[in-house]
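Data first, discussion second: the structure below is written as structure tokens.
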Amino acid sequence: MSLETVEEHRCFDGRLLVVRHDSAATGTAMTFAIYLPPAAAAAPVPLLTYLSGLTCTWANACEKAGAQRFAAEHGLALLFPDTSPRGTELPGEHDAYDFGSGAGFYVDATVAPWARHYRMESYVADELPALVAAHFPVDGTRQGIFGHSMGGHGALTLAFKRPGRYRSLSALAPIVAPSEVPWGQKAFTGYLGTDRRTWLAHDACALAAASGWRRPILVDQGLADPFLASQLRPESFEAACAAASIPLTLRRHGGYDHSYYFIATFIGEHIAHHARWLCGTV
């Protein structure tokens, strides 16, 4: 599969590349960014995927979160996928911020017309990491995943369903019980249909018990987040992890909201959390 590098920037002595390719999973052209730390010039490095939230593209976290500095220090590659297919122009695709473009929810849609292109679970968890491992100096056997909000939901669910694939996991202000909150209910109805039983395969709280995940998870949540009670409900995930004997560190921070100011404050600690599991220190 051919890749086209559309941007390249030197960053903390590493390289930040923006890459376009044709995706078999989505049937569209897709764009992602990858940061290769200085250590990648000498040997393959672990791969840490960051999943962004509603309305975002690959660019938001790449440009605002300040993650490259910490990735360079720890010798991790950072992968920033897009949040939905682009250019399909499906009816109603751009009508709302929480469904359609920028809101793929990291699921494989089963309902027409979304099922043809909105296959973000297959793209993010399977196609893209394999593509990256084939073309860049990364070690595909050492992968971690994290994300924010909708991306936190994606990170938790993809890792719970693939505990042998990912060695490390964390999330910032994740949607932990999408089946129970308006954002998830809207997306799941549109992408998966009205049978709520099918939604549970994409709900971190529902997946926890049978996931087999037993490594520590780090979650940070701001207490001034306007979506805390209505959309996020971290206490539900806390209870689900406790019931499943999953080691969870859930940190609540007074005064912090849902923005990139919150993400940038704690992303260094998240990358350090992943480095402990990906770089052989634990």
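Probe radius 1.4 Å, ligands and nucleic acids ignored: give me the carbon and sulfur share of the accessible area of segment 119-191 as a rounded percent.
Details: 870 of 1690 Å².
In segment 119-191, the share of accessible area belonging to carbon and sulfur is 51 percent.
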- request: Have a look at LYS186, LYS161, LYS64 and tell me which one the Gaussian network model of the chain (Cα, springs below 10 Å) gives the largest fluctuation.
  value: LYS64
query: If you count, for each residue, the other Cβ atoms within 10 Å and average over each peptide, how do 111-123, 190-202 line up from highest to lowest?
result: 111-123, 190-202
- prompt: Which percent of the accessible heavy-atom area of segment 1-48 goes to carbon and sulfur, probe 1.4 angstrom?
  reply: 50
statement: To the nearest Å², the heavy-atom accessible area per residue of the chain with 1.4 Å probe amounts to 38
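What does the charge count near GLN221 come to, summing +1 for each Lys or Arg and -1 for each Asp or Glu among other residues with Cβ under 14 Å from its Cβ?
Details: positive: ARG233, ARG251, ARG252; negative: ASP220, ASP225, GLU235, GLU238, ASP257, GLU269.
Cβ neighbours under 14 Å give a net charge of -3.
The values are calculated or read from the model by the stated rules, or taken from the named source; none is laboratory data. Fair warning: this is a prediction, and the values are worked out from it, not measured in the lab. Methodologically, a virtual Cβ is constructed for each residue, glycine included, from the backbone with ideal geometry; neighbour enumeration extends over all protein chains shown. SASA here: full protein model, heavy atoms, side chains in, ligands and nucleic acids out. Shrake-Rupley method; radii C 1.70, N 1.55, O 1.52, S 1.80 Å.
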